[in-house]
Amino acid sequence: MSTKLKLYLGRKVVDSLHKFTKLTPLELQPLIQVGNHHDPDKTELSLPLNILETQLGVTNITEILKIQPDDIIRNVQVVRDKANRKISFEIDRTFFIRDVLENCASPELNFKAKSIVVEYSSPNIAKPFHFGHLRSTIIGNFISNINIFSRNKVTRLNYLGNWGTQFGLIRQGITALKYTFKDIQRDPLKLLYQSYVHANQLAEKDPSILEKAKAEFAQLENGSEEHLKYWQEIMSYSRNDLIDTYSRLGVTFDEYNYESDYGARVIQDIIETLRKKNIIHKDKDGKEVALIDDKHVSVIKSDGSTLYLTRDIAAAIDRFAKYNFDKMFYVVDNSQTDHFHSLKNILHNMDLPWADRIFHIKFGRVRGMSTRKGNAVFLKDILDECRDMMIKRQIESPTTRVPISDGQTSDILAVSCVIINDLKRRRQKDYEFNLDTVLQVQGDTGIRLQYTHCRLYSLEKNSGAIPARECIPQILYEPEALALVKDLARFHEILFKANEQLESYILVNYLFHLCNQINKALKTLQVKGMSPDVSAQRILLFNTAREVLRNGITILGLTPLNEM
């Protein structure tokens, strides 16, 4: 559906109220939704009365009911049901179908582009890429994609944890295990993790190991050229390894930031500002702390080195200077709520006017996450295991149509399942992870979305039909055709709602419902063997459905398949 149709109704409503309201059609536009008219042959758009009356202060509802019918609006009435009260606008069926098929796949969602920064994934290079980071990656990618689709200017950031005493421990472990740079380059994330674990094990028996690790990090923070060069070499290997793995998820980043970008020497001016404004003060142990909600929160260690919070303060200031963002989203699990509360509080106390533009996008934890090869979970291992299981199922399936020797299709299907298994849930809910459930063929899974897309792709290919250049709504008179058109019309409002709430399950549930309507329509609306004018209009309808489905699953982060 086009934004123009909703704005047209919005103008009619505003004009009917005359001087009784300061509302604009633009404010009403997102409230106007596709209605469920009691007569399935009729098409309706509706405005919820409770929002008009309680939130927007519109009391002259009778004035809206005086809107006269025209070529587009056939009737205006108040409809009351158990769920709500609404003003129903019956729209001319012919106009509605044509408008939907011409405009629904790429709806206008935004009239003024905003600058959005999304920080997500952000693994720690000394630890396994656990499912919390994968959740952050999947959710952050969705938030980035839907904002890009809405024509906002989006900067995708990956902020890698590469700082702190862990640096010293990793270097101690590398030395003890006698790894060379060539060894590390071969498999950076796993070997750095092994080095970190080994050093911790050594430190349990020999406390001097930990002291050496702290001394190593102190030299790094103090700007030792030798230590910086060593660390930068390791970072370059780690980043390349991550980029290769992210590419399997279809995830890219505009920038990679590191905690090391904001070490104590680099951000000394910010630390001095915190001191001058009396935001931080020394406690009895020598730490510098901020008072937040009657709690003392550490900002600087007693030895003068920085903490995660210190570096996040510096990073936020640096990013606003670079991007002048309207919003910056941190996609991090629920456990970091206090951290981001402290961050926002300190930015406020620094008198930074943009402090309210940062948002912690919380998500729940995943329980039971492990591979069958052990508990240290690396993203690459998760994806490899999913791909191998998918290959096995494709081999066993009698309907497989593509060669699977290279595993590419299986890999895309496996990734689709992992992504949809996560995004079909409310963001803040915890859930149990089970590989067999994730990769099941039946039910609401990534396979179902991919299968429906493939089916629509093959329909045009196998039917020989040529899609109509212009929609003739009178030919699409069947109830199944109109039901599908109505669902396609809802794509606009679904995207708006999903973006407003930053909740992917809204879009996922819509796409599953759309697949149901597509499959019902495919059973009734035959394309092959019909007269050219009928087959042309039907293939136009199904191609539009395919485009909506394709756009929807791409926003979710899937790579659409044409065959499987």
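Okay, residues lined up against (1) at pLDDT below 95; (2) under 23 Å from Asn421 (Cα atoms); (3) open to solvent by 50 Å² or more (accessible area, probe 1.4 Å):
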| residue | (1), (2), (3) |
| --- | --- |
| Tyr308 | yes, no, yes |
| Asp333 | yes, yes, no |
| Met350 | no, no, no |
| Gly374 | yes, yes, no |
| Leu379 | yes, yes, no |
| Asp384 | yes, yes, no |
(message) Regarding the stretch 108-125, can at least one residue be identified that is in contact with a Gly (Cβ under 6 Å, 6 or more places away or on another chain), open to solvent by 10 Å² or more (accessible area, probe 1.4 Å) and either under 20 Å from Pro30 (Cβ atoms) or not in a helix (DSSP H, G or I) (or both)?
(response) yes
(request) Please find, among Ile555, Ile539, Ile466, the residue that is farther than 27 Å from Phe149 by Cα and either surrounded by 20 or more Cβ atoms within 10 Å (Cβ to Cβ) or touching a residue at least 40 places away in the same chain (Cβ under 8 Å) (or both). (result) Ile466
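Can you name the residue in the stretch 272-281 that is without any contact (Cβ under 8 Å) to a residue 40 or more places away in the chain and more than 15 Å from Leu343 (Cβ to Cβ) and is also most open to solvent (accessible area, probe 1.4 Å) among such residues?
Among those residues, the one meeting the criterion is Lys276.
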(message) I need the helices (runs of 4 or more DSSP H) fully contained in the stretch 163-268, keeping only those with at least 2 residues that are crowded, with 17+ Cβ neighbours inside 10 Å, over 37 Å from the mean Cα position of the chain (by Cα) and modelled with pLDDT under 90.
(response) 208-221
(request) Give the residue, chosen from Ile475, Ile466, Ile447, that is modelled with pLDDT of 95 or more and β-branched (Val, Ile, Thr). (result) Ile475
(message) Suppose we keep only residues that are part of a helix (DSSP H, G or I) and open to solvent by 30 Å² or more (accessible area, probe 1.4 Å) within the stretch 31-59. Which one would you say is nearest to Glu478 (Cα to Cα)?
(response) Leu31
(message) Need pairs with beta-carbon distance below 7 Å; first residue within 17 Å of Tyr193 (Cβ to Cβ) and within the stretch 236-250, second not in a helix (DSSP H, G or I); sequence gap 6+ or separate chains.
(response) Ser238/Ile125; Arg239/Tyr256
(message) Quick check on the stretch 470-487. Is at least one of its residues open to solvent by less than 20 Å² (accessible area, probe 1.4 Å) and either without any contact (Cβ under 8 Å) to a residue 24 or more places away in the chain or more than 19 Å from Ser535 (Cα to Cα) (or both)?
(response) yes
(request) Quick one: which residue in Val441, Val418 is in contact (Cβ under 8 Å) with a residue 60 or more places away in the chain and within 19 Å of Ile382 (Cα to Cα)? (result) Val418
(message) Against the definition (touching a Gly at 6+ places or on another chain (Cβ under 6 Å) and more than 30 Å from Glu108 (Cα to Cα)), how does Ala213 come out, yes or no?
(response) yes
(request) Consider Asn158 carefully, then state whether it is part of a helix (DSSP H, G or I), crowded, with 19+ Cβ neighbours inside 10 Å and of a type outside the set (A, V, I, L, M). (result) no
(request) Just give me the residues in the stretch 424-450 being surrounded by 18 or more Cβ atoms within 10 Å (Cβ to Cβ), closer than 18 Å to Arg393 by Cβ and not charged (D, E, K, R), in sequence order. (result) Leu435, Val438, Leu439, Thr445, Gly446, Ile447, Leu449, Gln450
(message) Let me confirm something: among Val534, Val527, Val508, which residue is open to solvent by 20 Å² or more (accessible area, probe 1.4 Å), of a type in the set (Val, Ile, Thr) and in contact with a helix residue (DSSP H, G or I) (Cβ under 9 Å, 6 or more places away or on another chain)?
(response) Val534
(request) Could you look through the stretch 511-522, keep only residues that are aliphatic (A, V, I, L, M) and more than 24 Å from Ile138 (Cβ to Cβ), and pick out the one that is surrounded by the most Cβ atoms within 10 Å (Cβ to Cβ)? (result) Ile518
(request) Spot the failing condition for Lys86; the list is (1) surrounded by 13 or more Cβ atoms within 10 Å (Cβ to Cβ); (2) farther than 18 Å from Leu7 by Cα; (3) in contact with a Pro (Cβ under 8 Å, 6 or more places away or on another chain); (4) without any contact (Cβ under 8 Å) to a residue 60 or more places away in the chain, and only one is missed. (result) (2)
(request) For Leu449, indicate whether it is within 19 Å of the chain's Cα centre (by Cα) and at positive phi. (result) no
(request) Kindly indicate whether Thr43 is modelled with pLDDT of 85 or more and within 22 Å of Leu484 (Cβ to Cβ). (result) yes
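The values are calculated or read from the model by the stated rules, or taken from the named source; none is laboratory data. The model shown is predicted, which means the values in this text are computed figures rather than measured ones. Counting neighbours? That spans all protein chains shown, and the Cβs are built from the backbone with ideal geometry, glycine included. Quick note on the areas: whole protein, heavy atoms, side chains included, nothing else; ligands and nucleic acids left out. Shrake-Rupley method; radii C 1.70, N 1.55, O 1.52, S 1.80 Å.
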